[in-house]
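Worksheet for the structure shown next.
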Amino acid sequence: MKLKQLSLDRTYYSSFHIRQDSYPKYHNTWHYHEEIEFICIYKGHGTLFIGDCIQSFSAGDVVLIGPNLPHYWLFEDLRGDEQLDPIDCIVIHFKKDFAGTDFFNIPEMSLLKELVQSAEKGLLVKDNLLAVLRQQLRAILNTEGVTRFTYLLQTLAQYAAFPHKRLVSDNYAILNHSNDERRMNDVMNYIREHYKTKMELDKLAEQAKMTKNSFCRYFKNKTGKTPIQFVSEIRVAHACRLLKYTDLSLKEICFDSGFNNFVSFHKIFKDQLNKTPTQYRKQ
């Protein structure tokens with residue numbers, strides 16, 4: 001797998017790109033692009049890696065990802081047969097100047113200008129907005145011309161009016177990704193396939209073709225986390241989905257998520273979410 005700078009297709013008569021995805025083939029690589037990504041998840045769940053953030057996502061989530069911010073959507077199937085379920089999401093990509101260089105500088109666009117600037121850290125709005133956006137996003141997908149353009153502005157304005165969760169930390173800096181395409185994706189692919197088993201630093205460093213110490217520094221520089229922190233957050237995110245969507249016991253969830261014992265599972269889960277697995281399931 002490669003860390004890809006994607007060049008997104010744009011029709012000659014369109015200032016932005018919109019598509020509907022039924023399978024996650026466009027999402028499961030560590031990639032970035034100069035366009036802002038506006039995505040609504042109607043069906044599907046998994047883990048979103050964006051900058052230095054690892055965030056569970058599920059149906060109803062709406063995410064805005066700023067330009068050149070590396071991200072990776074790991075859609076999962078909880079049945080355990082390794083066959084990904086079909087998904088349903090609408091994805092819009094647009095450049096910061098898609099409406100014109102000075103468009104967002106006019107007084108009426110101040111709210112959207114602030115939204116676009118905030119997108120540089122990644123924004124998440126959860127379930128309550130899906131019903132509001134569903135009709136608008138379908139309309140954008142199925143109309144053309146001025147109507148499509150104005151629908152996008154209206155939808156962004158609706159999104160801006162809701163409380164957001166900022167995903168990327170303030171001290172995260174977008175680095176030059178061009179030399180890290182193959183290396184980061186080899187590591188990410190290995191973690192994705194093995195996070196439920198014992199994870200050894202030597203194996204991760206081997207994927208990056210680096211010494212262990214060099215790899216730890218490199219990985220922290222790219223993700224803002226140590227490899228151990230990164231893997232632990234993936235395991236907790238997986239445990240959260242099992243707690244939410246299945247009736248598995250806590251012990252079964254502990255081992256299915258890659259933890260060696262229940263004590264460490266309980267401690268790491270509480271450290272990350274400030275609540276116990278039992279409290280999370282009840283909520």
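The values are calculated or read from the model by the stated rules, or taken from the named source; none is laboratory data. Because the structure is a prediction, the values reported are computed rather than measured. Quick reminder, even Gly has a Cβ in these numbers, built from the backbone with ideal geometry, and neighbours come from all protein chains shown. These accessible areas exclude ligands, DNA and RNA; they are computed on the full protein's heavy atoms, side chains included. Shrake-Rupley method; radii C 1.70, N 1.55, O 1.52, S 1.80 Å.
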**Request:** Collect the residues in the stretch 244-257 that are open to solvent by less than 100 Å² (accessible area, probe 1.4 Å), closer than 18 Å to GLY46 by Cα and without any contact (Cβ under 8 Å) to a residue 24 or more places away in the chain, keeping them in residue-number order.
**Result:** LEU248, CYS254
**ASN260 vs. criteria of a type outside the set (Phe, Trp, Tyr), in a helix (DSSP H, G or I) and open to solvent by 70 Å² or more (accessible area, probe 1.4 Å)** = no
**Prompt:** In the stretch 160-250, which helices (runs of 4 or more DSSP H) lie fully inside it and hold 1 or more residues that are aliphatic (A, V, I, L, M) and more than 25 Å from PRO277 (Cβ to Cβ)?
**Reply:** 181-194, 201-208
**Residue under evaluation LYS121, criteria (1) at pLDDT 85 or above; (2) surrounded by fewer than 19 Cβ atoms within 10 Å (Cβ to Cβ), criterion not met** = (2)
**Fill in**
Residues in the stretch 267-277 that are free of Cβ contacts under 8 Å to residues at least 12 places away in the same chain and in a helix (DSSP H, G or I) total 3
**Prompt:** Quick one: VAL146 ticks every box in (1) touching a residue at least 40 places away in the same chain (Cβ under 8 Å); (2) in a helix (DSSP H, G or I) bar one, so which box is it?
**Reply:** (1)
